[in-house]
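Data first, discussion second: the structure below is written as structure tokens.
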Amino acid sequence: MSDLELEMHINGRAVKRRAAPHLRLLDFLRDDLNMTGTKEGCGAGECGTCSVFVDGKLVKSCLMPVGKANGARIETIEGLAPKGGDLTEVQRAFHKTGASQCGYCIPGMVMAATSALRENPDAGIEEIKERLGGNICRCTGYTKIFEAVEIARDVIAGRLSAAALEPDPAGNSFIGNNVRRLDAPSKVSGRLRYAGDMVMPDMLHMQVLRSPHPHARIRVIDVSAAHALPGVACVITAADVPGEDGFGVFVHDQPIMARGIVRYVGEAVAAVAAEDVLTAKEALRLIKVEYDELPAVFDPEDAMKIGAPVLHDYAPTNITKHIPIRKGDVEQGFAEADLIVEDYYETQQVEHAYLEPEAGLAYVDHDDVVTVISPSQNITHHRHMLAKIIDKPINKVRFIMSPVGGGFGGKEDMIYQGMLALAAMKSGRPVRLVYTREESIISTAKRHPARITYKMGLKNDGRITAVEFKMISDGGAYGMSTEGVMRKAAILACGPYDIPNVKIDTIGVYTNNTPSGAFRTFGAMQAQFATESHLDICAEKLGLDPFEIRRRNMMQDGAITHTQQTLGKVSIGTVLDAAETASHWEAGAPGRGESRSDLGGEGTRAPCTLGARFAPAVAKVKKEVA
Amino acid sequence: MLTCDHYLMPTSLEEALMLWRGAPSGSRLVAGATDILPWAREGRAGDVHLPSLIDLSRVKELCGYTVEAGKVRLGANVVYQQFLEDETLRRHLPAMPFCAIWFADDQIRQQATLAGNIVNASPAGDGIPPVIAMNGEIEMARLDGDRIVRRTMRVAEFLRGPGKTALGPDEIVTAIICESMEGYGGSFQKVGQRRSLVISSVCAAAFVKTDPSGEIFEDVRLALGGVGPVPLRLTDIEDMLRGQRITRQLVADAAGLPADRVASRTRRDYRRAVVRGFIEAAIEDALVACGAPQPGPAQREAAHV
Ligand SMILES: Cc1cc2nc3c(=O)[nH]c(=O)nc-3n(C[C@H](O)[C@H](O)[C@H](O)COP(=O)(O)OP(=O)(O)OC[C@H]3O[C@@H](n4cnc5c(N)ncnc54)[C@H](O)[C@@H]3O)c2cc1C
Ligand code: FES
Ligand code: FES
């Protein structure tokens, strides 16, 4: 390998370095120069967390071999504002509008916004949207970001006073007033360090060997060649776990690394900690694993059949959790109904796609405290589980929560922290693991897909007499949050409606698919999708307005839910009123087709198009024609 | 992850050709790297180690463009953002700004070359339909002893199927040569799952020239992408329209023709449904670019019932 001799100006400073020939500009900035304001959300040009200026043009540094930057002028997020000086107008505007939730996309967004306004200081909102089109945000949402760019544009142009960047006056209450985020300056300036940005002296890099099979018995894992590779500090497998191996939110059915059996494609089988990522990758190729493939099951209904492959001995029916709820007498309720409507709903598996891929750093400190830094959404629970797994008293295990670059429930499970702890213990050195986007998608939990059969009995006036609701959910290979998700789905299954007779079953099932886990709404979304769709269908069959059918069934203050919870205040009525007004709803039953007049009105978004920056040219042609 | 023993940055064509000829087998040429880097990732080629990567972006002969004798010669290093921002290119290649605006995003367009797009030979490559509609040719160079020899062929013939081209093992693409379409109106239609960073499910390019009265199709060029192994030039529709009086009915009839030529293996019905509207919209937008009045949404809908 012949190193490149590089010279460039980065944020106004001359830099002269040798670098490995394959590095991307992103790697050079982050790993060689420790400038971690520029992030890696995907490594494939899709997300924009890595945007930097090269000779004045914004590019994605994950798509630029570092050789291309030789001799260039580079400007990164760290260089936008003078050291120790004020933030730029763009950065301050992001602070002002609260455009920095998890913050992981924000350095890239600030760069794209800066570029948009440099390219066209008068860019209109459509052009701003287009110019920021290469940058994705998963949590702030785009509204505040676009609002910030417009404010910055107007302040820079002098159309708006700089006072617009100052905090709004605080009222007597935080409620109803814009409150500035304390952590925004660190995010808009790229100074905030996420786990993957952290380094420690003598740190090792981890790579993980994953199962290519959905279900297989591991006959042998031979790590000897990997272990012998120069630069490898340690190789770990399930055999290295000193304590009681098992984690999960409800049932501790998942080992730190596959123990004897792999149950899904992407499950960790072994991990290497080495001096650098390349050596660790090379070591993975030297690990020999012999598998005996086992029959696998991918459909939750098949998994419940007699004779289906069993994933976990403790659950011979493959049922992770069944939550049955009964209220009143559904048969009686259906008998009283004027109309019975049955239907079937399906929702799919969904990836969280937080912009920060999983990352963590572990070390054993001077007092033998095993310390794991990671964006864990549940450090206390993780700490307790890890103590058991590594057989240490709780005071010798410490979890530090690094800034979470988006979680949405997906970082509630302790999927890699155990491996980091083991490797730090075995090697005696700090160890860091940073997932690639692909690894994150392949191996981490997803939203539970659901299949829901719905049966509803109604009177002609729309009042619901009975509901039978059955949801079968693919929980994948391990329990994780499945039990909780099934509980929540059962609790919220019938929505905010007062229904006298209810029969609910939610069933989470083991399969050899990627595990399902916590994800925003925790089961409610799946149930609500079915309930609300079903109500619209019933409204159509009864010739009722969809708002009206809901009003006739909605709970009132003091209602008792089907799980016997008394609700003090119920706001569904207010919500329906607000939604009806905001949508300019024209009363009537669904299925009116073109005859209705509330379509395409105020607030309707025009179909997606591009080319806002051509608008002046097009307008010119039109004028010439006219 | 892509690793290599050497990352080389020649500055002249001769140097590049020498390096390329001498490169150990498995070495690759690099232009913008926007196809090559994502290719070497998990789920595609995975981790790849190559002996040499020869980066062409500093080869001076491949930079810039010239317009001469009714032809535009685009050096292989011309990137997509130039089609959007360069006044001269916009005038001579009037569908390219619209193609460029739908291509990836502003950042990737600073790096991605048209030549790389063509050599990559993806059935969904956005730059290919407009180029074949402009009777585009591709120029390649190689060393014969120490003499540089060049050959040129139609891009439509250069493309042999998904990922397959007529490029020889020791050749480097030096230019893409298109007819100047000055005086034509150009347009580009694309449908994908979002508006930035999206690979085309279907795309269409059109160039239209009207007579001075604006009432007769003097010339029409049409091509479709994403509908089969290689993009499709629609010469029969071009012939059907050329010389005819422009009417909505004629455009609608023409647009109905190509659906059965959609040969993609996936989502075929969807693509067929899209193509009809696309041809119509492509012609209409190109007409508007020539100065015709913009049809309102109602007029557009009317033609589809
Ligand atoms: C996020 C993202 C979005 C994208 N969006 C789009 C899109 O909307 N539409 C679209 O069509 N494509 C898209 N692409 C694909 C890619 O950007 C284009 O195909 C681009 O034009 C490739 O050009 P490049 O210069 O980057 O090629 P490179 O990656 O450098 O090279 C591509 C291939 O061409 C060869 N090559 C390059 N130059 C020469 C030469 N002079 N002579 C011989 N061989 C050569 C290389 O060896 C390689 O095989 C996207 C890519 C990404 C990552
Ligand atoms: S675009 Fe570069 S990391 Fe995602
Ligand atoms: S703030 Fe944009 S991804 Fe979290």
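As a check on your grasp of the helix formula, calculate [θ] at 222 nm for chain A: sum -39500 (n - 2.57) over DSSP H runs of n ≥ 4, divide by the residue count, round to the nearest 500.
So the helix-based figure for chain A works out to -7500 deg cm²/dmol.
Between rounded, prolate and oblate, where does the protein assembly as shown land on the alpha carbon gyration tensor, with a ≥ b ≥ c its root eigenvalues, rounded for a/c under 1.5, else prolate if a/b exceeds b/c?
oblate
Given +1 on the Cβ of Lys and Arg, -1 on the Cβ of Asp and Glu, and no further charges, what dipole in debye does the range A:290-421 carry about its Cα centre, rounded to the nearest 20?
Using only the charged Cβ atoms, the result is roughly 940 debye.
Return the aspartates and glutamates within reach of A:LYS305: Cα separation strictly under 17 angstrom, same-chain partners fewer than 8 residues apart disregarded; answer none if there are no such residues.
Of all the aspartates and glutamates, those that pass the test against A:LYS305 - Cα under 17 Å, at least 8 places apart if same chain - are A:ASP313, A:ASP474.
Using +1 at the C-beta of Lys and Arg and -1 at the C-beta of Asp and Glu, which of A:VAL502, A:CYS538, A:PRO515 has the Cα lying farthest in the positive direction of the dipole of the range A:493-542?
With unit charges placed on the Cβ atoms, the residue in question is A:PRO515.
Given a Förster radius of 25 Å and the C-beta distance between A:VAL350 and A:TYR142 as r, what FRET efficiency does 1/(1 + (r/R0)^6) yield to the nearest 0.05?
Plugging the Cβ-Cβ distance into 1/(1 + (r/R0)^6) gives 0.80.
What value, in deg cm²/dmol to 500, does the helix sum -39500 (n - 2.57) over DSSP H runs of n ≥ 4 give at 222 nm once divided by the residues of chain B?
It comes out at -8000 deg cm²/dmol, rounded to the nearest 500.
Taking a ≥ b ≥ c as the square roots of the Cα gyration tensor eigenvalues, with a/c under 1.5 meaning rounded and otherwise prolate when a/b beats b/c, else oblate, which class fits the range A:389-517?
Verdict is prolate for the range A:389-517.
Which part of the range A:444-458 falls in the paramagnetic zone of A:ILE340, meaning amide N under 17 Å from the point 7 Å along Cα-to-beta-carbon?
Hits in the range A:444-458 for A:ILE340 at 17 Å: A:453-458.
Does chain B classify as rounded, prolate or oblate by the C-alpha gyration tensor (a ≥ b ≥ c root eigenvalues; a/c under 1.5 gives rounded; else a/b over b/c gives prolate, otherwise oblate)?
Verdict is prolate for chain B.
Roughly how many nanometres apart are two label points built 7 Å out from the Cα toward the Cβ at B:ARG267 and B:ILE199?
In this crude spin-label approximation the distance works out to 1.1 nm.
Quick one: length gained pulling B:GLU157 to B:ARG242 fully straight, 0.36 nm per residue minus the C-alpha distance?
28.2 nm
Given the pairs A:LYS470/A:LYS503; A:LYS144/A:LYS187; A:LYS459/A:LYS488; A:LYS541/A:LYS569; A:LYS446/B:LYS190, which are separated by over 20 angstrom at their Cα positions?
A:LYS459/A:LYS488; A:LYS541/A:LYS569; A:LYS446/B:LYS190
List the lysines whose alpha-carbon lies under 23 Å from that of B:LYS60, not counting same-chain residues fewer than 8 positions away?
Within reach: A:LYS57, A:LYS68, B:LYS71.
Run the paramagnetic zone check for B:GLU218: 7 angstrom along Cα to Cβ, then residues of the range B:242-276 with backbone nitrogen under 17 Å.
Counting backbone N atoms under 17 Å from the label point, the list is B:242-246.
Counting other beta carbons within 10 Å of each Cβ, put A:HIS9, A:HIS382, B:HIS6 in order, fewest first.
Least crowded to most crowded, the residues run A:HIS9, B:HIS6, A:HIS382.
Which order do peptides A:418-429, B:64-75, B:140-151 fall in by mean Cβ count within 10 Å, highest first?
Answer by packing, highest mean first, reads A:418-429, B:64-75, B:140-151.
Among A:HIS352, A:HIS227, rank each residue by its count of other Cβ atoms within 10 Å, from fewest to most, as a rough exposure measure.
Going from least to most buried by this count: A:HIS227, A:HIS352.
What average count of beta carbons from other chains do you get within 10 Å of the Cβ of residues in A:56-63?
Taking all residues of A:56-63 together, the mean is 5.
What does the structure give for B:278-289 when I average, per residue, the other chain Cβ atoms found within 10 Å of the residue Cβ?
1
Give the lysines reachable from A:LYS388 as a straight Cα distance under 19 Å; neighbours fewer than 8 places away on the same chain don't count.
Within the straight-line limit of under 19 Å, A:LYS388 reaches these lysines: A:LYS396, A:LYS426.
If you take each beta carbon of peptide A:39-51 and count the beta carbons of other chains within 10 angstrom, what is the mean?
3
Okay, which of the range B:73-102 sit inside 11 Å, backbone N to the point 7 Å along the Cα-Cβ direction of B:GLU182?
B:88-89, B:91-93
Bear in mind these aren't lab numbers, they're just calculated from the coordinates by the rules spelled out. None of the values given here were measured: they were computed from a predicted structure. Heads up, the Cβs are rebuilt from the backbone with ideal geometry, glycines too, and the neighbour counts pull from every protein chain shown.
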